[in-house]
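In what follows, a structure is listed as structure tokens, so that the remarks can point back to it.
The values are calculated or read from the model by the stated rules, or taken from the named source; none is laboratory data. As the structure is a computational prediction, the values presented were derived from the model and not from experiment. Methodologically, a virtual Cβ is constructed for each residue, glycine included, from the backbone with ideal geometry; neighbour enumeration extends over all protein chains shown.
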Amino acid sequence: MTQDSPAPSVVPVMVPMPAERPYSYAVPPGMAVAPGSIVRVPLGPREVAGIVWDGDGGKVDPRKLRPISQVFDCPAIDAPMRRFVDWVADYTLSPPGMVARMLLRAPAAFDPEPWIDGIARTHALPDRMTAARVRVLELADEGMSWTRSGLAHAAGVSSTVIDGLREQGVFEDVKLPPRPVVAAPDPGYVTPALNPDQAAAASTLREKAGQAAFSVTLLDGVTGSGKTEVYFEAISAALDRGAQVLILLPEIALTHAFLERFQDRFGAKPAEWHSDLPPRMRERVWRQVAEGQVRVVAGARSALFLPFMELGLVVVDEEHDPAYKQEDRVFYNARDMAIVRAHIAGFPVILASATPSIETRVNALSGRYGRVALPARYAEAALPDLKAIDMRRSPPARGGFLSPVLLDAARKTLSRGEQALFFLNRRGYAPLTLCCVCGHRFQCPSCSSWLVEHRFRGQLVCHQCGHTEARPEACPSCGALDHLIACGPGVERIAEEAVGHFPDARIIVLSSDLLGGVRRLRLELEAIAKGEADIVIGTQLVAKGHNFPNMTLVGIVDADLGLANGDPRAAERTFQLLSQVTGRAGRTGKKSLGLLQTYQPDHPVMKAIVSGDAEAFYDKETDERQRAAMPPFGRLAGLIVSAATRAEAEGHARTLRRAAPRAGDIDVLGPAEAPLALIGGRHRFRLLVHGDKRSDIQKFVRSMLAAADKPRGSVRVQVDIDPQSF
Ligand code: ADP
Ligand code: ZN
């Protein structure tokens with residue numbers, strides 16, 4: 001090699017693969033890359049997009065390495081984001097490449113968006129004027145650049161008018177920059193009138209959000225207290241200091257109404273980010289977030305991995321919601337990781353909820369998080385009157401599920417022209433179908449779960465894996481005809497019962513398997529808000545965040561449903577869900593009622609809901625957690641071992657257990673069959689690692705995994721740090 005051709009340098013590149021560390025690549029002479037650059041690199045037989053990582057590429061002879069093929073013309077992934085990826089990988093025990101993959105999920109966005117064809121006014125004048133030409137030129141002389149069809153449309157003329165002017169040289173062709181996916185929000189577009197509680201909360205949050213410094217604040221306010229209005233003020237303060245803002249929402253069905261509310265306050269919508277976004281839109285949002293053109297994003301948990309240029313505030317709405325936990329590939333909780341991201345980059349986080357998680361509440365009480373409270377509903381609205389219906393005393397009619405007390409309340413509600421909601425967190429018609437001749441039960445062929453009848457569709461469906469079969473006439477086991485019976489209710493069955501009692505009522509059933517998807521759901525939600533339904537029957541989709549002004553009765557069909565599964569978090573979750581659902585009633589001044597059908601009216605959850613004494617309930621739950629050293633007073637990790645056969649899964653789980661190191665502050669429970677012992681044909685066993693608050697549970701699990709034999713054959717191990725259920 002001669003003096004004037006220096007050896008190419010070597011850089012580490014994080015590729016979107018289950019790679020434990022970045023791979024080394026050679027940088028060809030003349031190519032400029034820096035940590036954070038997005039590059040195209042060869043990987044095996046293909047090419048992938050990766051991120052140039054920090055550090056040197058190792059002591060490898062660059063001539064032996066494959067070269068980077070291209071540097072994309074794309075903003076670099078900044079240092080805090082790279083630290084965040086490393087941190088998430090380390091915490092969740094995931095390969096960093098898999099975390100980086102979440103960041104790289106918009107491949108076409110790495111190339112700049114193409115400029116669009118436009119036209120611009122020259123100094124030339126047309127040969128003669130017509131009325132149409134006058135309109136076109138008036139608009140064009142306002143100085144904006146236009147697309148040909150845009151100008152024609154705005155002027156209300158056909159595009160041949162524009163073409164004529166173009167031929168005469170009155171317009172020339174120009175390239176216009178890509179349009180923003182959303183207009184810029186204006187922090188001062190509307191100055192809302194806040195009540196004194198709201199104003200006090202808003203001023204605290206404004207102060208926090210106005211600083212580029214790490215802080216976490218819980219905005220704790222009853223349903224309908226105006227949490228959204230209040231955190232909008234914090235967003236306005238963050239926008240004022242030039243920060244980008246991310247709002248995490250637990251449910252995409254909620255986004256539409258949210259976007260409109262945001263627009264009312266800021267004069268423009270935030271960009272959306274969720275799995276339902278069309279691919280082209282995803283690419284554009286990704287790119288414009290990276291370029292800093294999009295200032296506010298409202299999105300699902302994956303929005304946390306968008307490459308913001310100057311993220312400066314994250315709001316986590318309904319922070320307690322289980323939907324923030326991803327349990328696939330990289331197991332992470334977006335609420336917790338939002339706090340980590342804020343800590344790394346040094347900016348504030350706001351957690352909003354009417355029913356905070358125990359973890360968050362404990363942190364707020366100890367002073368680690370700030371806390372602002374909204375104790376009352378906005379304006380005239382009062383919280384609903386809440387009562388338990390003891391189902392042992394007022395049982396439903398034979399074959400029914402709605403007690404006379406609830407039906408009576410519904411009758412009164414409808415007679416006043418108001419709306420009722422019957423809530424049951426179970427899709428379909430019936431959770432179990434059985435043959436009353438031979439007792440045969442319909443089970444999923446590849447899961448340990450019963451098939452749920454969906455009568456509208458005439459199908460039996462597995463809610464775990466999606467397996468679907470037609471509902472037969474005859475029992476497949478004994479052949480008896482017409483002896484299949486539906487056991488237990490789903491929303492479809494409640495709808496059938498409601499139709500029987502209220503034949504003239506307009507009834508809407510809402511659940512996530514609605515034909516027509518999110519669009520249909522949105523229309524139905526709008527119809528309900530406009531009063532175009534009398535009775536709404538729904539699953540947890542209707543529980544969250546909606547404002548239905550005319551809804552004054554909420555009936556919980558089975559308040560005990562979530563309590564039976566033996567999960568220590570069950571009481572907390574049920575309390576949160578029931579508070580949310582009953583919170584749909586009485587959002588305007590009208591008197592409202594929430595009725596809970598239960599067989600355990602003395603259960604602490606029912607008592608807490610009925611008495612409205614959330615604090616006492618939380619205190620007791622917190623105490624129990626503390627005594628058992630459960631989170632947040634202790635640490636947990638789940639190891640799920642799955643395999644094609646039960647024996648393989650159990651065998652490897654035992655191997656792992658034997659590989660556990662000795663540690664005074666950590667012990668291992670299990671293996672036991674996982675709560676869902678069979679999913680999609682895979683048998684599952686679970687080990688639970690339980691440690692003190694200060695124990696290094698990740699280190700412990702790592703050494704278990706390292707000491708055990710590598711999983712062989714069909715065996716897979718998934719690590720779930722901070723599992724949702726325990
Ligand atoms: P939460 O999120 O606490 O359940 P919301 O923010 O959805 O409450 O507010 C409940 C309802 O009260 C909404 O319809 C909202 O528009 C209205 N509201 C709350 N605060 C105000 C305010 N200061 N001015 C006008 N309307 C308000
Ligand atoms: Zn299944």
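Annotations
- Residue tally, condition in contact with a strand residue (DSSP E or B) (Cβ under 7 Å, 6 or more places away or on another chain) and part of a loop (DSSP other than H, G, I, E, B), over the stretch 640-667: 4
- Considering each residue of the stretch 668-688 in turn, none proves to be under 30 Å from V362 (Cα atoms) and in a loop (DSSP other than H, G, I, E, B).
- Residues of the stretch 221-230 include at least one that is of a type in the set (A, V, I, L, M) and surrounded by 18 or more Cβ atoms within 10 Å (Cβ to Cβ).
- Restricting the stretch 472-516 to residues that are among the β-branched types (V, I, T) and part of a helix (DSSP H, G or I) leaves a set whose member that is nearest to E251 (Cα to Cα) is V491.
- Flag for A409 being assigned by the TED database to the domain that holds V542, touching a strand residue (DSSP E or B) at 6+ places or on another chain (Cβ under 7 Å) and away from ligand 1 (no atom under 16 Å from the Cβ): yes
- Only residues that are in a loop (DSSP other than H, G, I, E, B) and within 19 Å of the chain's Cα centre (by Cα) were counted in the stretch 518-563, giving 5.
- Residues that are under 24 Å from R280 (Cβ atoms) and either more than 16 Å from ligand 1 (Cβ to nearest atom) or among the acidic types (D, E) (or both) are absent from the stretch 214-231.
- Residue list for the stretch 449-468, filter: over 10 Å from P431 (Cα atoms), of a type outside the set (S, T, N, Q) and within 13 Å of ligand 2 (Cβ to nearest atom): C465, G466, H467
- A count restricted to the stretch 419-434 and to residues that are surrounded by 20 or more Cβ atoms within 10 Å (Cβ to Cβ) and away from ligand 1 (no atom under 16 Å from the Cβ) stands at 11.
- Whichever residue in the stretch 435-452 is buried (at least 20 other Cβ atoms within 10 Å of the Cβ) and not in a strand (DSSP E or B) and, among such residues, is modelled with the lowest pLDDT: C447
- Residue match in the stretch 329-343 (condition: in a strand (DSSP E or B), buried (at least 19 other Cβ atoms within 10 Å of the Cβ), on the phi < 0 side of the Ramachandran plot and outside the structural domain of V717 (by the TED database)): yes
- Any hit, the stretch 557-575, residues being in the same structural domain as R416 (by the TED database), farther than 29 Å from D722 by Cβ and of a type in the set (V, I, T): yes
- Of all residues in the stretch 82-120, those satisfying the criterion of being part of a loop (DSSP other than H, G, I, E, B) and in contact (Cβ under 8 Å) with a residue 40 or more places away in the chain are L93, S94, P95, L104, R105, A106, P112, E113, P114, W115.
- Filter result for S302 (part of a loop (DSSP other than H, G, I, E, B) and hydroxyl-bearing (S, T, Y)): no
- All told, R625 falls short of being assigned to a helix (DSSP H, G or I) and at pLDDT 95 or above.
- A543 vs. criteria within 21 Å of T360 (Cβ to Cβ) and crowded, with 21+ Cβ neighbours inside 10 Å: yes
- Screening E497 on (1) out of contact with any Leu (no Cβ under 9 Å at 6 or more places or on another chain); (2) touching a residue at least 24 places away in the same chain (Cβ under 8 Å); (3) not hydroxyl-bearing (S, T, Y) shows it passes everything except condition (1).
- Inside the stretch 453-471, residues that are buried (at least 16 other Cβ atoms within 10 Å of the Cβ), more than 25 Å from the chain's Cα centre (by Cα) and not charged (D, E, K, R) make up a count of 3.
- So T255, is it more than 27 Å from G586 (Cβ to Cβ) and within 16 Å of ligand 1 (Cβ to nearest atom): no
- Of all the listed residues (G118, G57), the sole one being buried (at least 18 other Cβ atoms within 10 Å of the Cβ) and touching a Lys or Arg at 6+ places or on another chain (Cβ under 8 Å) is G118.
- Any hit, the stretch 296-303, residues being at pLDDT 95 or above, of a type in the set (A, V, I, L, M) and over 24 Å from V542 (Cα atoms): yes
- Residue in the stretch 187-200 that is in contact with a helix residue (DSSP H, G or I) (Cβ under 8 Å, 6 or more places away or on another chain), more than 25 Å from H546 (Cβ to Cβ), surrounded by fewer than 22 Cβ atoms within 10 Å (Cβ to Cβ) and not assigned by the TED database to the domain that holds V362 present: yes
- Residue selected from the stretch 1-14 under the condition among the β-branched types (V, I, T) and surrounded by 22 or more Cβ atoms within 10 Å (Cβ to Cβ), by the criterion modelled with the lowest pLDDT: V11
- Failed condition for S394, given (1) away from ligand 2 (no atom under 16 Å from the Cβ); (2) crowded, with 20+ Cβ neighbours inside 10 Å; (3) polar (S, T, N, Q): (2)
- Residue check, A184 closer than 29 Å to A345 by Cα, within 29 Å of the chain's Cα centre (by Cα) and more than 16 Å from ligand 1 (Cβ to nearest atom): yes
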